[in-house]
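First the structure, in the form of structure tokens, and then the observations on it.
The values are calculated or read from the model by the stated rules, or taken from the named source; none is laboratory data. Please read these numbers as outputs of a predicted model, since none were measured by experiment. Cβ: placed from backbone, ideal geometry, glycine included. Neighbour counts: every protein chain shown. Note: areas computed on protein heavy atoms with side chains; ligands, DNA, RNA excluded. Shrake-Rupley method; radii C 1.70, N 1.55, O 1.52, S 1.80 Å.
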Amino acid sequence: MRRSATLAAIIKELRLIRRDPHGLALLFVLPLVFILIMSLAMRDLYATRAGAGVGVLVIDRGGGAQAEALYQRLAANQGFALTRLAEAADARAALRAGDYAFAVELPADFETRIGEAALLASQSALVRVTVAADTSRQLELIFNAALREALQRQRAEIMLTRMGVTSLAAEDEASSRRVETVYAYEGARAAAPSAVQQNVPAWLVFALFFVAVPFSNAFIKERQHGALARLRSTNMGAGAQFAGKLAPYFAINQIQVVLMLLAGAFLVPLLGGEALALNGAPLGFILLSTALSIAALGMAMLIAVIARTSEQATLTAGVGNIVLAAIGGVMVPKFVMPEAMQTLAGFSPMAWGVDGFLELLLRGGGVLDIQMELLKLTGFGLAALALAWALYRPQE
Amino acid sequence: MRSVTDISAPEPAFIRVAGVRHAYRGAPAPALDGVSFDIAQGACFGLLGPNGAGKSTLFALLTGVRKLQSGEISVGGISARADLPGLRAQGAIAPQDLAFYPDLTGRENLDFFAGAYRLDRAAWREAMARAVETCQLSEVLDRRAETYSGGLKRRLNLAIALLNEPRVLYLDEPTVGIDARSRRLIVDAIAALKAEGVTIIYTSHYMEEVEALCDGAAIIDRGRVVAQGSIREIVRAHGGGALELVFAAPAGDGLRAGLAPLGAVWRDEQTAAIAAADGETIARAVDAVTQSGAPLAHMNFGQARLEAAYLSVLGQSGDEA
């Protein structure tokens, strides 16, 4: 029985990969570092985007029913996340730490003054708001307007109660229906990702495509050493040579997917970030990572066949990946891009991959929900491989 | 153009190259232009010529690396045009470039190429052991090839070519740039393979190696065979009366200009050879040296060696270009 040339090529490639710790580190450590840094650094930005309330401290010096009513009125607004605090000094420290945007101090006489008719003529403030240094002027104006509206409603209710009107519940319920909110582009706010949900798939996709750098360099080194020319004098065809290269890097891609998802689920929370929830169909993950690998390796093989030197390959693969990542929603999430850029992103295979992962992770999608992404990635990868094959074969 | 000396191999041709022409896209002239020669089975055949003469292209066609454009090549009766895989299976090449993986050990390299040759599982260990023994690599087999000396690398390069026990071995400068011991070892290994009946095509710039190993040779220049036959015949036809001039300092333009009309070929900056020099040519050469004032270290005359024949053929070929 004859030895398999393909198996020999796979074993050879695995040995070469094992002897290149720097290349391996590039494939695993780099995306992991990006995932950790970006998930933690952009946690607050994504949390606000996803609808988390603006942090507000409330110092209630009186502790009466009216103060509690105001607290509940503000807490009912989902735009704010309220926290009670006993001392004003603690509030200043908390504001300086950057965890809160405002501190609202309700004085001890709030209970009586809120319902006084004389308040109309009073020059002294009913409540005091302290604004954190990093709070935007825009947010300050919005919060002040909301607080004034809450105080006015509370005073109005007190007055109406005195006049014998006992319930405004129907009015409150009706007012919530009077403003309809629609979004300029689909799905953006309806299911905005968290920092970890955005960054794990984004940098994972980037890492999968980044194999083009060591892959193409290994191919070019073989050509420069004359090994490829020697192989052409044997009857080891291009098929075995391609398979010998693709199979080990496909395995590396799959290991990258598993490790990066595990890092999102278990490592990021250890460092203070949110844990990645692995929603979505398991088969969807398997098919998506397979399609992504086909696309990434197709591109890598094409670069390897076209480039004549290691410098050319590194430049083409490196710059190409960065450009695809920039327009594909890896470095900057697609949902913050202007519409024209979002259209452009539709041409990046990385965007197809990120969209597929977001569909699974964010919306708990299944295989049918990502079928377009699967088709586009597989089609792109097979087309690139076919072109690489067509260019390589005449050299045989 | 001078007529080609054509001395056919007396035995039936095992390798037949007939009217081969090969041109690269964009190149001003074909790399090979009507090359023809025959080689008998079990012969060692030298393929000689300056860099860029077309030897590598011819090797690429003989080993099935490149497809034939025109002409015919057959090895052991298998046509390159009709059965390229069959042609490839006949032979193996030890290229001038060290065609293996420096990051792998010697054993891993041999293991991989044994797979590439699709050797029989039962036979490949035996073939590997034979190749290792022939090239004396057993002590370094588990070291990475990048740590090998130049000589060891050449031996590994040869060992890989021996794995599929080829009927034809193509050796492209197998001893270039290595120490004397490794060179002797490789030359002895080639002689042993020849004795076993392996047909060998050999290129080298070391003419004494070609003279010692080869039965016949073809000299190629600018894509054409300008002389061929047995070594003895080539030497007899072209090697007599060569004059070699060795200078103590690099030759200046005046000296080169003075010797050019005599067909001088410069081997290096300080050594010139003039083919088939008679008394008058010697006198003119001495006169040119004297007029130029160049410091002549010594001169040799009358060495009937392959190197002189080679230089003579190339000198005349150059004159006609």
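Total residues in the stretch A:153-202 satisfying the condition of being modelled with pLDDT of 80 or more and touching a Leu at 6+ places or on another chain (Cβ under 8 Å): the figure is 10. So, in the stretch A:363-396, how many residues would count as being of a type in the set (S, T, N, Q) and surrounded by fewer than 15 Cβ atoms within 10 Å (Cβ to Cβ)? Selection size over the stretch A:363-396: 2.
Of all strands (runs of 3 or more DSSP E) completely enclosed by the stretch B:42-130, which ones contain at least 2 residues that are open to solvent by less than 20 Å² (accessible area, probe 1.4 Å) and away from chain A (no Cβ under 11 Å)? Step through it out loud before you land on a result.
Values: elements: B:44-48, B:70-75, B:91-94.
Filter on the stretch B:42-130 gives B:44-48, B:70-75.
Among the residues of the stretch B:20-30, not one is in a loop (DSSP other than H, G, I, E, B) and within 23 Å of B:Ala161 (Cβ to Cβ).
So that you can scan it fast, the table gives a plain yes or no per residue for (1) acidic (Asp, Glu); (2) in contact with a helix residue (DSSP H, G or I) (Cβ under 8 Å, 6 or more places away or on another chain):
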position	(1), (2)
A:Ser39	no, yes
A:Leu57	no, yes
A:Tyr71	no, no
A:Ala75	no, no
A:Glu87	yes, no
A:Asp90	yes, no
A:Asp99	yes, no
A:Glu111	yes, yes
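Those strands (runs of 3 or more DSSP E) of the stretch B:217-294 in which at least 2 residues are within 20 Å of B:Asp38 (Cα to Cα), considering only elements entirely within it, cover B:224-230. If you check B:Arg167, B:Arg107, B:Arg155, B:Arg181 for being more than 29 Å from B:Tyr206 (Cα to Cα) and assigned by TED's automatic domain parsing to the domain that holds B:Leu61, only one passes: B:Arg107. Take the residues of the stretch A:324-355 that are assigned to a loop (DSSP other than H, G, I, E, B) and among the hydrophobic types (A, V, I, L, M, F, W, C): which is nearest to A:Leu374 (Cα to Cα)? My answer is A:Phe347. Scanning the stretch A:16-28 for any residue that is facing chain B (nearest Cβ under 10 Å), at pLDDT 90 or above and open to solvent by 60 Å² or more (accessible area, probe 1.4 Å) turns up at least one such residue. Of the helices (runs of 4 or more DSSP H) entirely within the stretch A:192-294, those holding at least 2 residues that are touching a residue at least 40 places away in the same chain (Cβ under 8 Å) occupy A:195-210, A:212-225, A:238-262.
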